[in-house]
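Down below is the structure, laid out as structure tokens.
The values are calculated or read from the model by the stated rules, or taken from the named source; none is laboratory data. Fair warning: this is a prediction, and the values are worked out from it, not measured in the lab. Virtual Cβ from ideal backbone geometry, glycine too; neighbours counted across all protein chains shown. Each accessible area value is taken on the protein alone, full model and side chains, heavy atoms only, with ligands, DNA and RNA left out. Shrake-Rupley method; radii C 1.70, N 1.55, O 1.52, S 1.80 Å.
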Amino acid sequence: QVHLVESGGALVPPGGSLRLACTAASRFHFKNYVILWYRRGPGQEREMVAKISHDGQRMDYADSVQGRFTISRDNPNETVFLQMDRLKLEDTAVYYCAAASQWWMSPFTSWGQGTQVTVSS
């Protein structure tokens, strides 16, 4: 099974910034896939927060992060980033990334460990 590896989570104050990274744990044709970021907050369901097309030309965001989060990708280095600015308390969650074959499809990769983002003063 293919899974991706998340990194970059930390404890930050409200209004702060973080950049998360997503890479492949195993041999994976990274550039061929849509990459999505999800999060699961305490006691909440996992929700999609951002996704990016295989070529980086199309992005989509959840309403809750629109204008604050930016997804980007570096295909030669097989990494997708999630830049998170103006963080809020409600952004506290474990963040996961996943891959999908097509824009409209659900991810096919297994969930990894995720990376913890805690927004607190």
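Structure above, values below:
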quantity	calculated
Filtered residues of region 105-120 (kept if modelled with pLDDT of 95 or more, surrounded by fewer than 20 Cβ atoms within 10 Å (Cβ to Cβ) and either in a strand (DSSP E or B) or aromatic (Phe, Trp, Tyr) (or both))	116, 118
Selection count where residues are out of contact with any Ser or Thr (no Cβ under 9 Å at 6 or more places or on another chain) and not polar (S, T, N, Q), scope region 63-87	8
Complete set of residues in region 74-93 that are more than 18 Å from residue 107 (Cα to Cα), touching a strand residue (DSSP E or B) at 6+ places or on another chain (Cβ under 7 Å) and not hydrophobic (A, V, I, L, M, F, W, C)	83, 88, 91, 92
Residue 102 vs. criteria open to solvent by 30 Å² or more (accessible area, probe 1.4 Å), outside any strand (DSSP E or B) and touching a residue at least 24 places away in the same chain (Cβ under 8 Å)	yes
Strands (runs of 3 or more DSSP E) wholly inside region 1-73 containing at least 2 residues that are without any contact (Cβ under 8 Å) to a residue 40 or more places away in the chain, under 20 Å from residue 106 (Cβ atoms) and within 14 Å of the chain's Cα centre (by Cα)	47-52, 59-61
Residue 86 at pLDDT 95 or above, of a type outside the set (A, V, I, L, M), open to solvent by 20 Å² or more (accessible area, probe 1.4 Å) and assigned to a strand (DSSP E or B)	no
Qualifying residue in region 57-65 (condition: surrounded by fewer than 20 Cβ atoms within 10 Å (Cβ to Cβ) and acidic (Asp, Glu))	yes
Residue match in region 11-21 (condition: open to solvent by 40 Å² or more (accessible area, probe 1.4 Å) and in contact with an Asp or Glu (Cβ under 6 Å, 6 or more places away or on another chain))	yes
Test for residue 53: is it of a type in the set (Gly, Ala, Ser) and open to solvent by 50 Å² or more (accessible area, probe 1.4 Å)	no
